[in-house]
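Structure first, then comments.
The values are calculated or read from the model by the stated rules, or taken from the named source; none is laboratory data. None of these values were measured; they are calculated from a predicted model. Neighbour counts are summed over all protein chains in view; Cβ atoms, including those assigned to glycine, are modelled from backbone coordinates with ideal geometry. Only protein heavy atoms, including side chains, enter the accessible area calculation; ligands, DNA and RNA are left aside. Shrake-Rupley method; radii C 1.70, N 1.55, O 1.52, S 1.80 Å.
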Amino acid sequence: MTQPNEIKLFGSVMSGFCYMVHHALKLKGVEYDYIEEDLKNKSEEFLKMNPVHKKVPTLVVDGKPIAESLVILQYIDETWPEPPLMPQDPYQKSKVRFWADFIYQKMVPLTFVIRKSEGEAQAKVVDEFLTIFKTLEDGISKEVHSEGPFIHGAQPGLLDMIIGPCHTGLKYLEQGLDGVKLVDDKKTPLLCMWMDEYSKIDVVKDTAEMMKQYAPA
Amino acid sequence: MESHKGVTLLDFWVSPFGQRARIAMAEKGIEFEYKEENLAQKSELLLKMNPVHKKIPVLVHDGKPVCESLIIVQYIEEAWPEKTPLLPSDPYQRAQARFWADFVDKKVYDCGTRLWKTKGEEKEAAKKEFIEILQVLESELGDKKYFGGETFGYVDVAFVPFTAWFHSYESEAGFSVEESVPKISAWAKRCGERESVKKHLYEKEKVYEFVCMLKKRLGIE
């Protein structure tokens, strides 16, 4: 399997999906150039690389683009196999993909709605979110996690890498919610434990440090 | 969970998502038992096998469920590695295939549904959007025989079931796929000659009959 020589990541400090890609690349020991995109004023070079969706993250390998965070993460895992982000067994893999899809399909869209709504409408969506988040915890604990500090066991894997950056986004969202917790260790103790563990790993801390320079004033 | 050996597909006859799984297995020569679900009265088995989404298709392999059509197709690919691959071996090419299957997933069904569910200005807007989606796909297809190149692949499997809906979309929204995107139209015809596709897609008139029935049930003129 030929590995690319030149890797560029187009991203934004505001996008949780980009952090997933930073973490994956760093975990695999891949050197890459990072370009912070102003999402309100996207560069020509970036738009050329992702004309279809015009979104971050977009990974460019030897000049060729790859878009959509889940697609990028799987590409990284297949191109640099160590350490692996996915289990080997096809059925286990399908479970990981199912819960990754659940996060993108069910959980993430609700966070956008929460941000845009207010009062009673917002309270209703928050309730929906809490139910979804609990379903996620129950599902992962039943079908993916067996032992170890991370969802994937002794080492972090794809689901840890997706949920971790989501956690940051959720904590940020909570700030505007008047005391309501989206991430409550009484309601979803396992997710809290896994996210907490993930936040301590070096690649997460290194990425946070690297991204400080791009944080809005 | 029943430890019933073999492959069962819980499905609904006209579902393009279910057809992805049927076509993938047909391409690979995998035998399976087809079980038609009554979506108005879902079976206990379906609710047990897919408690989270309660949707078809669900592939049950030796008693263990796999849900979500593209996840099912990837599972079929990996669980039967000795059979004709649908995904390329090169990671970059695989990423492109996953991207385009995801594009079909995000865009085609929802916009297509709006073509028959909406009226007036909304319908016109949906038509414009749908043709643009087809044009983007046509640009990706280019002059290739299939999205997979010379071989029928993952993106072809993801998109081909919607070709049975083209006639319904055209009739409802007033446009022609052949005129708007001739390469997609030609690709659809080529796919239609494959045994797997012939066997598992329904005739366009039957699909349209179904759409008309749905419209009536939903009170849409």
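What number results when the radius of gyration of the range A:1-87, computed over Cα atoms, is divided by 2.2 N^0.38 Å? List each step's numbers first, then the result.
Working: Rg = 12.3 Å, N = 87, 2.2 N^0.38 = 12.0 Å.
Against the compact-globule rule of thumb, the ratio is 1.03.
Calculate the all-directions average of the projected area of the range A:93-171's alpha-carbon convex hull, and give it in nm². Walk me through the numbers on the way to the answer.
Working: hull surface 20.4 nm².
Mean orientational projected area (the range A:93-171, Cα hull): 5.1 nm².
Hull surface divided by four, with the convex hull built on the Cα atoms of the range A:1-158: how many nm²? Could the numbers behind the result be given before it?
Values: hull surface 43.1 nm².
The number I arrive at for the range A:1-158 is 10.8 nm².
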What does the charge add up to near A:VAL108, with Lys and Arg as +1, Asp and Glu as -1, over the other residues with Cβ less than 14 Å from its Cβ?
+2
Against the rule of thumb 2.2 N^0.38 Å, how large the Cα Rg of chain B comes out
1.02
Name the residues of the range B:79-104 whose accessible area falls by at least 50 Å² when all protein chains are present instead of the chain alone, probe 1.4 Å?
B:PRO91, B:TYR92, B:ARG98, B:PHE99
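When the accessible area of the range A:1-125 is computed with all protein chains present and a 1.4 Å probe, what percentage of it is carbon and sulfur? Write out the running numbers ahead of the final one.
Details: 3120 of 6050 Å².
Carbon and sulfur: 52 percent of the exposed surface of the range A:1-125.
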A student asked for the Cα radius of gyration and Dmax of the range B:94-133 in angstrom ought to give 12.0, 40
Over chain B, give the accessible area per residue in Å² for a 1.4 Å probe, as an integer.
47 Å²
Given a 1.4 angstrom probe, what's the average accessible area per residue across chain A, in square angstrom?
50 Å²
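What total accessible area, in Å², is buried where chains A and B meet, using a 1.4 Å probe and rounding to the nearest 100?
In total, this chain pair buries about 2300 Å².
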Residue-by-residue Karplus 3J(HN,Hα) for the range B:176-193, coefficients 6.51, -1.76, 1.60, Hz, glycine and proline x:
10, 5, 4, 6, 6, 9, x, 5, 5, 4, 5, 4, 4, 5, 4, 4, x, 8
For the range B:119-210, diffusion coefficient by Stokes-Einstein and Kirkwood Rh (Cα), 4 °C, 1.567 mPa s, µm²/s
94 µm²/s
For B:PHE147, residues with placed amide H under 5 Å, excluding near neighbours:
B:GLY153, B:ASP156
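Could you tally up the Lys pairs in the range B:107-163 with alpha carbons closer than 18 Å? Skip any pair fewer than 8 positions apart unless they're on separate chains. It would help to have the intermediate numbers written out before the result.
Working: B:LYS107/B:LYS117; B:LYS107/B:LYS123; B:LYS107/B:LYS127; B:LYS107/B:LYS128; B:LYS117/B:LYS127; B:LYS117/B:LYS128; B:LYS119/B:LYS127; B:LYS119/B:LYS128.
The result is 8.
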Size of the range B:70-143 as Cα extents on the principal axes (Å, biggest first)
51, 26, 16
Would you give the gap between the C-alpha center of the range B:123-167 and the C-alpha center of the range A:49-105, rounded to a whole Å?
22 Å
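Calculated from DSSP H runs of 4 or more alone, at -39500 (n - 2.57) each and per residue, what is the 222 nm mean residue ellipticity of the protein assembly as shown, nearest 500? Can you show the working numbers first?
Details: 20 runs with 242 residues, N = 438.
Calculated at 222 nm, the ellipticity per residue is -17000 deg cm²/dmol.
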Shape descriptors of the range B:105-162 over alpha-carbon atoms, Rg and Dmax in angstrom, are 13.2, 41
Measure of size requested: the Rg and Dmax of the range B:1-125, with Cα atoms as the atom set and Å as the unit; please supply both.
16.4, 53
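Report the Rg/Rh value for the range A:58-126, based on alpha-carbon coordinates and the Kirkwood definition of Rh. Walk me through the intermediate numbers first.
On the way: Rg = 16.8 Å, Rh = 14.6 Å.
Using only Cα positions, Rg/Rh for the range A:58-126 is 1.15.
How high is the FRET efficiency from A:GLU147 to A:LYS116, r the C-beta distance, R0 45 Å, rounded to 0.05? Before the final figure, lay out each step's value.
Numbers: r = 40 Å, r/R0 = 0.88.
The pair A:GLU147/A:LYS116 has a calculated efficiency of 0.70.
Using only Cα atoms, figure out Rg for the protein assembly as shown and give it as a multiple of 2.2 N^0.38 Å. If you can, show how the numbers build up before the last one.
Values: Rg = 22.2 Å, N = 438, 2.2 N^0.38 = 22.2 Å.
After normalising by residue count via 2.2 N^0.38 Å, the value is 1.00.
Pop out the carbon and sulfur fraction of the accessible area of chain B as a percent, whole number, probe 1.4 Å.
It is 50 percent, rounded to a whole number.
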In terms of the charge dipole of the range B:19-134, which places +1 on Lys and Arg and -1 on Asp and Glu at the beta carbon, the residue among B:LEU46, B:VAL60, B:ALA79 farthest towards the positive end is B:LEU46
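Given a cut-off of 27 Å, name the pairs among A:LYS28/A:LYS116; A:LYS42/A:LYS134; B:LYS54/B:LYS106 whose C-alpha atoms lie farther apart than that in the structure shown. Please report the intermediate quantities before stating the final value.
Values: A:LYS28/A:LYS116 37 Å; A:LYS42/A:LYS134 37 Å; B:LYS54/B:LYS106 20 Å.
From the list (A:LYS28/A:LYS116; A:LYS42/A:LYS134; B:LYS54/B:LYS106), the Cα-Cα distance tops 27 Å for A:LYS28/A:LYS116; A:LYS42/A:LYS134.
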Convert each backbone phi in the range A:100-110 into a coupling constant with the Karplus relation 6.51 cos²θ - 1.76 cosθ + 1.60 (shift: θ = phi - 60°), then list the ³J(HN,Hα) values in order as whole Hz, x for Gly and Pro.
5, 4, 4, 4, 6, 7, 10, 7, 4, x, 5
